[in-house]
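Structure first, then comments.
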Amino acid sequence: MAIRNIREYGDEVLTKTCKEVKEMTPRVKELIEDMLETMYEANGVGLAAPQVGILKRIVVIDVTGEDPYVLINPRIVESSGEQTGSEACLSVPGKSGTVTRPNYVKAVALDANMKPYELEGTELLARAICHELDHLDGRLYVDKVEGELQIVTDNEA
Ligand code: NI
């Protein structure tokens, strides 16, 4: 495992549409392990493959610090409600902003063994799912911010 370099706002790779993963390979496995390690090292709650420069539809999410989800080729199939709150991104260090997201989402994805599963989340998990899936289509939260980006001194994600 290795910590990978996190690409930052302004890097073109963050604006690209990612490609579906067709099969699990040793390379993809290593990428997922590295993404988890990189996310934890940076104290993030989620990380998408383009953030480490790889244009594949893979995200990792862990909003509790002990229960990581790996989502390969994820899609949101249901969403409802609304939440407005602070959001940040490892690719936009030192900033946060207010974003409105659904309060509930259901996603379908493949796990690290390429087995389909459903992931339902509310509140922070729903927000993380929406934020990370946006990365796979080249979208960053900064384009959805209501008002100005804030400067933060603590490292919140
Ligand atoms: Ni992000």
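Each reported figure results from applying straightforward, stated rules to the coordinates on display, with no laboratory input. Since the structure is predicted, the reported quantities are computational estimates derived from the model, not experimental observations. Note that each Cβ is placed from the backbone with ideal geometry, even for glycine, and that neighbours are counted across all protein chains shown.
Some observations on this one:
- Karplus 3J(HN,Hα) series, Hz, for region 91-96 with 6.51 cos²θ - 1.76 cosθ + 1.60 (x for Gly, Pro): 7, 10, x, x, 10, 8
- Placing pseudo-labels 7 Å out from each Cα toward the beta carbon at Ile76 and Met114 gives an inter-label distance of 2.8 nm.
- Note on region 12-151: dipole from Cβ charges, positive end direction compared against Val63, Gly94, Leu119; the farthest Cα belongs to Leu119.
- Radius 14 Å from Cβ of Ala2, net charge of other residues (Lys, Arg +1; Asp, Glu -1): -2
- Each Lys and Arg Cβ is given +1 and each Asp and Glu Cβ -1; about its Cα centre, region 12-151 then shows a dipole of about 480 debye.
- Normalised contact order of the chain, rounded percent, pairs of Cα under 8 Å and 6 or more residues apart: 26 percent
- Structure-based [θ]222 nm, the chain - -39500 (n - 2.57) summed over DSSP H runs of at least 4, per residue, nearest 500: -6500 deg cm²/dmol
- Region 69-141 and region 32-48 have Cα centres lying 15 Å from one another.
- Considering only beta bridges that DSSP places wholly inside the chain, some 95 percent are antiparallel.
- Cross-linked pairs Lys95/Lys115; Lys29/Lys106; Lys56/Lys106; Lys56/Lys144; Lys19/Lys115: Cα-Cα separations exceed 27 Å for Lys95/Lys115.
- Peptides 11-21, 39-49, 64-74, 99-109 ordered by average Cβ neighbours within 10 Å, highest first: 39-49, 99-109, 64-74, 11-21
- Within the straight-line cut-off of under 16 Å between alpha carbons, the aspartates and glutamates reachable from Lys22 are Glu30, Asp111, sequence neighbours fewer than 8 places apart in one chain being disregarded.
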